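The values are calculated or read from the model by the stated rules, or taken from the named source; none is laboratory data. Note that this is a predicted model, so its numbers are computed, not measured. Reconstructed Cβ throughout: ideal geometry from the backbone, glycine too, with neighbour counts over all protein chains shown.
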């Protein structure tokens, strides 16, 4: 007997069912808006613009850009440089990371916890600051290390080391990304079932044979996956190639894109067409590598070696060698964190171009720091950075939480699409994304070009792939039935989200927030590409002071506190992440 | 409150293509009945209970809770899970780790009822629910510090706190150890009966289903293949699969014939000989049947009796002493038959023994050779008739 009231109730209930679908629709539209136009625009602009014109200003389609790029020897050089740089840096980084993983996960290294702190500390160092410090240390004319080496060996002139070189770029990048690779692979080291290795030992193989014949083949897939993944990451890095390579004319795709838009020769116009074509090339390489990575990771699961049973593997006793790892890891910390920090501190305090000596100590002053508090541009930059980082963190955290929730729990059509959509942007390097955002917002009637908000859009878009992975794995750890129990208890979508999902995932949520905040703060690439009069960030201010105005002391005075803030914040997130995975 | 399911269909898309999880499911569970869905994993029993709960949306059919329609494809009606006013216990218990026992149990009243309960009402109900499941005094314990059995009881208290008319129990005991499981299932039935709720219970354990249920529905490949009381399911399985699923059983292929030696009484001609059974009246002579004899129902005889109906002689091929019984394989007429002999018997491998297959305990499955793949219409109709009575 359907009374009127029941009918009305029925309609209302039917609407209630759709709450999840409506939410999915909204999130899908937002994600699609962030992801699809950039990729479309990139392909469009590659066959569109000519020198000095934005893609929509140009009137014709042309293959000229493609022709120019693919017939040019410069392109071949860029391929070579990018390949050598990316592979070299990853090999260096992986070597360090694998060694440290083995030390920390498989041997009885002393002071394990402290070592852990030391090697994760460099994670948060902005690459622009690392580059600045190493220029101070190893530039061929007055780099501190070169000065010392020359004094010891009685050399004349410049050198012997030169940071402005492919070797310099590779080593410094490798040192910088080692902790990131460590996070990715150390779990694999700790998850090898010790009985697999013990079976090798009882079969008569020595420790070295076990390492070579059993442990390494087991680790192989995970290490290879890490190599592929980080080649993509290094290919995208801009700061180090720009600051260390450009002075000697060594370009990779990422820096070539920047300098096509911001030509070094005065009076030359921005070449958007060539920049876009480089962007397409970078996009294709990244997409192929990510695809290979995806396939490989899936296959790597086959070696289900390693599903943990909750025990720690038996640790290898290093005996009298046990202080060697400690020494190596401490040295790593000194080289990668302490030395740059001290160098920049010195630069910020010393008079311009002063060589390091006892005599100079009396001339140290705090002028650079005093300037800092008077410079209005800097106050503005700090404000912008805080607005941008906070906005990105808030928006990205909410967006990726919703995306992950809907795609992990959703059995409704579109959930899968949402997941794919948020991941596909991983193939678009930051510098390429920024490039197309220039095109989009310089042409579209959305008035955010040149404001902080265009950088926020860029930041949120870039956060999607990593963020959804972080949150999805968090959701997968929460049993579906915990949410379903709320539904059968009578709680609707909103109550379930705020009473059950949020409290359970609070740690991941907070971690994601801090990570997005600090990653945005550190980012130089996109902020620099998108910068205009009113929206410059601290990183951009640093870049300008260093590369264009050569005010090294002022730049260093900004770099020191920034480096400490980003390092501490990143360390907190990284440690929480590793602890949770343990 | 009764639960009525009409022509329910549910298909899942998996990486291997479409899987029909539920097909043509019709079922009526009576008010106050304790009903079990029994079947192997993947048979669709959990999907069925989740459709009743509103956690899955079927493709077609109707679901009624009492006289309220909660799902109908034809009328485009779907009441979401949180408005169906039922209670559910999940396989994982789904105890919220960020809440203590009290908050877990109070949740349906606090956040699942549109705020219609006062604080005192909630406190009273939670206290009562705790007492009911013997958790009094544990109210403020963090839920992460509970044992498996305690978690199970919190889940049950949370399910019962609002006195639901229908409770859904999805393998609620499968995470408990064997001894606790046996104790808890009796308790569970008592509790649900005490509040007068209709229970739908999902399990893959036939002993558990026998112990708790008023009636059992056996599912296979998404279909409900038999509905009946526990005794009916055990004694008169209408499908080879059910006979096999419930206990250890020997199958023999046979044909129904009229035995001229016994005034034309129908018997089954099998490869070990002729078998008499009380369940042959409905089956015309000439039909193929499957005969099932449970290992525990076969009797070992001291000597061959005079009236040797259903008695056979065979050679012991193996005998393993298992304490409760001796598990033997006896070769009769070229066929190995599993027999559970009494533990005090001395059974020698290689010796000859006589056995009796009691005519009242012989299972006759009248569906020819292809029972495994297809269930003839007749059986479904028969099972429906049985449950309508």
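Before moving on, here are some points about what is shown:
So that you can scan it fast, the table gives a plain yes or no per residue for (1) assigned to a helix (DSSP H, G or I); (2) over 15 Å from the mean Cα position of the chain (by Cα); (3) at pLDDT below 80:
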| position | (1), (2), (3) |
| --- | --- |
| A:502 | yes, yes, no |
| A:509 | yes, yes, no |
| A:520 | yes, no, no |
| A:535 | no, yes, no |
| A:541 | yes, yes, no |
| A:560 | yes, yes, no |
| A:572 | yes, yes, no |
| A:575 | yes, yes, yes |
| A:578 | yes, yes, yes |
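- Residue tally, condition surrounded by fewer than 18 Cβ atoms within 10 Å (Cβ to Cβ), more than 11 Å from chain A (Cβ to nearest Cβ) and touching a residue at least 12 places away in the same chain (Cβ under 8 Å), over region B:97-122: 1
- Test result for residue B:308, surrounded by 13 or more Cβ atoms within 10 Å (Cβ to Cβ) and in contact (Cβ under 8 Å) with a residue 60 or more places away in the chain: no
- Only residues that are at pLDDT 85 or above, under 14 Å from residue A:274 (Cβ atoms) and loosely packed, with under 14 Cβ neighbours inside 10 Å were counted in region A:63-101, giving 0.
- Checked against the criterion of being within 23 Å of residue B:340 (Cα to Cα) and under 26 Å from the mean Cα position of the chain (by Cα), region B:255-276 contains not a single residue that satisfies it.
- Matching residues, region B:72-86, being within 10 Å of chain A (Cβ to nearest Cβ) and surrounded by fewer than 16 Cβ atoms within 10 Å (Cβ to Cβ): B:75, B:76
- Entirely in region A:404-480, the helices (runs of 4 or more DSSP H) that have 2 or more residues that are under 21 Å from residue A:514 (Cα atoms): A:415-424, A:452-477
- Of all the listed residues (A:211, A:264), the sole one being surrounded by fewer than 17 Cβ atoms within 10 Å (Cβ to Cβ) and either free of Cβ contacts under 8 Å to residues at least 40 places away in the same chain or assigned to a loop (DSSP other than H, G, I, E, B) (or both) is A:264.
- Any hit, region B:28-35, residues being touching a helix residue (DSSP H, G or I) at 6+ places or on another chain (Cβ under 9 Å) and outside any strand (DSSP E or B): yes
- Positions within region B:87-96 being within 8 Å of another protein chain (Cβ to nearest Cβ) and part of a strand (DSSP E or B), in sequence order: B:87, B:88
- Of the criteria (1) touching a strand residue (DSSP E or B) at 6+ places or on another chain (Cβ under 6 Å); (2) in a helix (DSSP H, G or I), which one residue B:58 fails: (2)
- Matching entry among A:303, A:333 (being in contact with a helix residue (DSSP H, G or I) (Cβ under 7 Å, 6 or more places away or on another chain), modelled with pLDDT of 85 or more and either over 30 Å from residue A:62 (Cα atoms) or surrounded by 18 or more Cβ atoms within 10 Å (Cβ to Cβ) (or both)): A:333
- Every condition in (1) loosely packed, with under 11 Cβ neighbours inside 10 Å; (2) in contact (Cβ under 8 Å) with a residue 24 or more places away in the chain is met by residue B:340 except one, and the failing one is (1).
- Residue list for region B:50-66, restricted to those being under 24 Å from residue A:413 (Cβ atoms) and within 13 Å of chain A (Cβ to nearest Cβ): B:50, B:51, B:52, B:53, B:54, B:55, B:56, B:57, B:58, B:59
- Of all residues making up region B:72-82, the number that are outside any loop (DSSP other than H, G, I, E, B) and touching a residue at least 12 places away in the same chain (Cβ under 8 Å): 3
- Among the candidates B:172, B:164, residue that is touching a strand residue (DSSP E or B) at 6+ places or on another chain (Cβ under 6 Å), assigned by TED's automatic domain parsing to the domain that holds residue B:41, more than 23 Å from residue B:39 (Cβ to Cβ) and crowded, with 20+ Cβ neighbours inside 10 Å: B:164
- Cβ-Cβ under 6 Å pairs, at least 6 apart or on other chains, region A:484-511 side facing chain B (nearest Cβ under 7 Å) and in contact (Cβ under 8 Å) with a residue 60 or more places away in the chain, far side buried (at least 18 other Cβ atoms within 10 Å of the Cβ) and assigned to a helix (DSSP H, G or I): A:492/B:82
- For residue B:69: the one exception among (1) buried (at least 18 other Cβ atoms within 10 Å of the Cβ); (2) more than 8 Å from chain A (Cβ to nearest Cβ); (3) under 18 Å from the mean Cα position of the chain (by Cα): (3)
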